[in-house]
Each structure stands twice: as structure tokens, then as C-alpha cells.
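Visitor: Let me give you the structure first, and then I'll get to my questions.
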Amino acid sequence: MAEISAKLVKELRDKTGVGMMKCKKALAESDGDMTKAIEWLRKKGASTADKKAGRIAAEGLVESYIHTGGRIGVLVEVNCETDFVARGDEFHALVKDIAMQIAACPNVEYVRASEISEELLAKEKEIEMGREDLAKKPDNIKEKIVQGRIDKRVKELCLLDQPFIKDQSITIDELVKKNVAKLGENIQVRRFSRFVLGEGIEKEEKNFADEVAAQTGQK
């Protein structure tokens with residue numbers, strides 16, 4: 001087994017934010033391989049998150065994020081189990097990152113796939129099945145292609161499936177699970193709203209040339 005130095009443990013902690021003891025164990029389990037140790041921690045984080053998922057998370061934060069220029073704004077609620085964790089800097093940073101992620105993802109409408117109605121999925125399937133490029137495909141092949149397209153569309157709509165804007169190697173779901181392992185509590189993104197300036201307002205279209213002509217008395 002490779003010797004696990006304090007420098008190596010610190011490097012893994014800096015990369016993952018996980019505690020020193022867990023980092024040391026991850027490196028020991030991975031024979032000192034940094035890449036394998038990170039993967040080990042990710043799997044462990046997912047396992048820990050699954051175990052804690054049934055625990056009630058009624059504390060947390062409602063966070064806002066206004067993008068530069070004030071044209072996009074986000075409100076998001078992220079829950080944890082205790083007020084102690086909710087007041088901590090690490091939880092605040094996580095919620096802020098999630099709010100920024102929502103601002104950066106104009107196509108995202110849901111937190112998770114389970115929130116999408118069966119009616120919407122059926123409608124999507126109907127649309128895809130009727131596309132011209134599939135008209136001559138056998139039914140079994142057509143079904144597989146359509147299901148693949150729907151799965152892709154669902155991922156585009158769901159926040160937890162998005163690659164994290166600060167680290168494209170992980171999804172938002174994995175980011176949350178990493179923080180579950182780090183903070184020791186169930187963490188859930190509950191809901192969000194995204195506001196775009198002028199969205200839904202029918203704007204009056206003006207002909208700039210006609211407007212200038214009117215102001216100068218020309219026709």
C-alpha cells in the first residue's frame with residue numbers, strides 16, 4: 001500500500017472539501033491514486049445521501065441571486081435538517097451556487113424528473129413519434145429513438161441533472177450529495193422561481209425610421 005502523506009490528504013481535501021479523515025481513508029482505499037480517491041468519495045457521498053434521504057429536512061434557506069445588469073433573478077429554497085447547518089458558511093455557499101446555476105440555465109423548469117407530469121411526457125412522446133425522420137423506421141426502433149429523445153429532454157428540464165457551472169465533471173445532484181456527506185444532514189432542493197425582465201409582456205414594435213420621420217416633420 002502506498003504511503004499516504006499529509007500533503008496528499010490536504011490536496012484531496014482542497015479538491016473535494018471533504019474532511020481530512022475521510023480523505024485519508026479514500027486515499028488508503030485507492031492506494032494513493034488521487035483520481036480513484038475522488039471517485040471513491042463521490043460514490044460514498046451518494047451512498048450517504050441515499051441513507052439520509054428519508055430524514056425530515058424542514059430548515060434551510062431561501063436564497064436570491066440577481067445576475068449582473070438586473071435582467072435575471074432567482075429565488076430558491078434549499079432545505080436541511082437543522083438551523084445550525086442552515087446558518088453555516090458551507091450551506092450558504094451551496095445555496096448560492098444553486099441559485100447561480102438556475103440563473104445560468106434558461107431551459108430548466110423542474111427540480112427533478114419525478115415532478116414532470118405523465119401528461120407532459122405523453123404529449124412529448126406523441127410529438128416525437130410523429131416526426132418525419134422516424135416515419136420509415138420499424139416500430140421497435142422508433143420506440144427506442146423516441147425514448148432516448150424524451151430522456152434527453154427530461155434532463156434538459158431538470159435542475160439536478162445539469163452539469164455544475166463551476167465544475168462540469170459533476171451534476172447538481174452530485175454537488176448536493178457531496179455536501180450531504182460533508183455536512184452530515186439530508187439536503188433537498190425544494191423549489192425555485194426564475195425571473196427574466198420583460199418575460200410575458202408583449203412589447204410594442206416600433207419602426208425607428210418612421211419615428212424619426214415623424215419627429216422631424218417628414219413623411
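Visitor: Among the residues of region 1-18, how many are within 21 Å of N179 (Cβ to Cβ), at pLDDT below 80 and exposed (fewer than 14 other Cβ atoms within 10 Å of the Cβ)?
Guide: 1
Visitor: Provide a single number: the residues in region 21-80 that are modelled with pLDDT of 80 or more, under 27 Å from V108 (Cα atoms) and of a type in the set (S, T, Y).
Guide: 3
Visitor: Name the residue that is nearest to I98 (Cα to Cα), counting only residues in region 65-82 that are in a loop (DSSP other than H, G, I, E, B) and not basic (K, R).
Guide: The selected residue is H67.
The values are calculated or read from the model by the stated rules, or taken from the named source; none is laboratory data. Every value quoted in this text rests on a predicted model; they were computed, and no experiment measured them. Here Cβ is always computed from backbone atoms with ideal geometry, including for glycine, and neighbour counts include all displayed protein chains.
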